[in-house]
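Since the structure comes first, as structure tokens, the remarks are kept for the end.
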Amino acid sequence: VQLQASGGGLAQAGGSLRLSCAASGRTFNTYGWFRQAPGKEREFVAAIRMSDGNTRYTESVKGRFTLSRDKYRNTVWLQMNSLKPEDTAVYYCAADTRTWIIGAMGQENKYDYWGQGTQVTVSS
């Protein structure tokens, strides 16, 4: 079982990046993105339920980040627009075989599988 996160890089403030998370070896029903900035704890960013596409976002990214999915390719994408320097962090993809209610999708302990992080750096 593998979660492959990719798409990180360097962007200027106001720019865009798109992260992808591709799963292999298992079908997952809930995907989440979390991020960890230097010196800070890891925090929830966004999550999506594969069955119906329902999403949840942390307040600071609402209106700027958008999740999409392809159930048949076991892949999700996080489109990040209007990036800010405070979005700089290592972004982690997480997935779980369970279909979580929206209220639970932001909790780290609801995800059994984690990918490697991908660095996102936003310059001012």
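The values are calculated or read from the model by the stated rules, or taken from the named source; none is laboratory data. Remember, predicted model here, so these are calculated numbers, not experimental data. Methodologically, a virtual Cβ is constructed for each residue, glycine included, from the backbone with ideal geometry; neighbour enumeration extends over all protein chains shown. When the accessible area is computed, the model is the full protein with side chains, heavy atoms only, and any ligands, DNA or RNA have been set aside. Shrake-Rupley method; radii C 1.70, N 1.55, O 1.52, S 1.80 Å.
Summary table
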quantity	calculated
Top of Ala94, Ala46, Ala11 by mean-square fluctuation, Gaussian network on the chain, Cα under 10 Å	Ala11
Solvent-accessible area per residue for segment 37-124 (1.4 angstrom probe, square angstrom)	51 Å²
Projected-area mean, segment 61-124, by convex hull of Cα positions, square nanometres	5.1 nm²
Taking the chain and dividing mean pair separation by its residue count, relative contact order in percent (alpha carbons under 8 Å, at least six apart)	36 percent
Charge dipole magnitude, Cβ of K and R +1, D and E -1 - the chain, Cα centre, debye nearest 20	240 debye
Percentage relative contact order, segment 31-104, counting C-alpha pairs under 8 Å, at least six apart	35 percent
Projected area, mean over directions - segment 3-124, Cα convex hull, nm²	6.6 nm²
Fraction of accessible area attributable to carbon and sulfur, the chain (%, probe 1.4 Å)	44 percent
Accessible-area order (highest first, 1.4 angstrom probe) of the listed residues Thr88, Thr27	Thr27, Thr88
Derived scalar couplings ³J(HN,Hα) [segment 3-12; Karplus, 6.51 cos²θ - 1.76 cosθ + 1.60; whole Hz; x for Gly, Pro]	10, 10, 9, 8, x, x, x, 10, 9, 8
Rough spin-label spacing in nm, given labels placed 7 Å along Cα→Cβ, for Thr97 and Lys110	1.9 nm
Cut-off under 5 Å, modelled amide H: who pairs with Asn29 long-range	Asp96, Thr97, Arg98
Highest-MSF residue in the chain out of Trp100, Trp33, Trp77 [GNM, Cα springs under 10 Å]	Trp100
